[in-house]
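Structure first, then comments.
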Amino acid sequence: MQTNASDADGKLRVGDTVTYTARLDSQGIEEVIHYVRMYLATDKGDSRYSTPIQMTYDAETKILTGTYRITESTYPSEWELDYIYIYVQENVSDSFYPSKIEPDKNLKFTVVNDDYDTEKPVIKSISIDKNGQMVKAGDTVTIKVKVDEKNPSSSMRVDFYPKGSGASRIYTYLYLNKNTMEYTGSINISESTYPTKWELTSIDLSDTNGNSTSLSDFQADWNTTRPWYFNVDP
């Protein structure tokens, strides 16, 4: 492992790089390798987070090389090389774990990123063009969610659940217009759409750093008031 740190403390900051190299000892497989990736991992809150980095292979030296550049979205924490994945073809692949091959080798680096975004997206409004209305086959229900977020994801998901029936949920993806910071999507009502009241009860909305928000963050009493819904004509 070789780090290219811009500060004397050896910690990596935005723009700095870390490079890993590994020697591949395997007869004949080198010529048919499809791709190789290394996975860098860190603990992020209560979960384990990893990011894949493409590696190159030099057949003459039998050396794998992969370089990761720290960006504004790199989580500030201690990182390590988790494993290297080599894919040859379908049903022919393998993973190599440095912690098992060389358990005493230090393959960790520390990232300092004071500008890392830890704030969840802020919902400014939720609107449904046919909110509270009766709809029928052939109609389209349009959903819009306006947000305030400096690192927005390109899409989000909304889930509608049927009230008092055994039908499955209806979900759709909304896509971001960066000019208006509004996610927009629609649901097409068909003859097979179960006739009942459909309530918006769940969203999947996060930024590019994985900070997520919920309906309760926007409206604390949503679960008792159920303000977003439409009815399908029986």
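The values are calculated or read from the model by the stated rules, or taken from the named source; none is laboratory data. Computed from a predicted structure; not experimentally measured. Note: ideal-geometry Cβ built from the backbone for every residue, glycine included; neighbour counts use all protein chains shown.
Summary of computed values
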{"read-out": "The lone exception for Asn211 - which of (1) under 16 Å from Asp159 (Cα atoms); (2) surrounded by 15 or more Cβ atoms within 10 Å (Cβ to Cβ); (3) not basic (Lys, Arg) it fails", "value": "(1)"}
{"read-out": "When residues of the stretch 36-60 are limited to those that are without any contact (Cβ under 8 Å) to a residue 24 or more places away in the chain and of a type in the set (S, T, N, Q), the one farthest from Arg23 (Cα to Cα)", "value": "Ser47"}
{"read-out": "Members of the stretch 45-67 that are under 16 Å from Tyr116 (Cβ atoms) and surrounded by 14 or more Cβ atoms within 10 Å (Cβ to Cβ)", "value": "Tyr49, Thr51"}
{"read-out": "Any hit, the stretch 67-82, residues being within 24 Å of Thr208 (Cβ to Cβ), assigned to a strand (DSSP E or B) and among the basic types (Lys, Arg)", "value": "yes"}
{"read-out": "Filtered residues of the stretch 105-147 (kept if assigned to a strand (DSSP E or B) and more than 29 Å from Pro162 (Cβ to Cβ))", "value": "Lys108, Phe109, Thr110, Val111, Val122"}
{"read-out": "Whichever residue in the stretch 107-160 is polar (S, T, N, Q) and without any contact (Cβ under 8 Å) to a residue 24 or more places away in the chain and, among such residues, is surrounded by the most Cβ atoms within 10 Å (Cβ to Cβ)", "value": "Ser127"}
{"read-out": "Subset of the stretch 24-56 (residues that are in contact with a Leu (Cβ under 9 Å, 6 or more places away or on another chain) and modelled with pLDDT of 90 or more)", "value": "Val36, Met38, Tyr39, Leu40, Ala41, Ser50, Thr51, Pro52, Ile53, Met55, Thr56"}
{"read-out": "Test: residue in the stretch 216-225 that is touching a helix residue (DSSP H, G or I) at 6+ places or on another chain (Cβ under 7 Å), of a type in the set (Gly, Ala, Ser) and within 24 Å of Lys150 (Cα to Cα)", "value": "yes"}
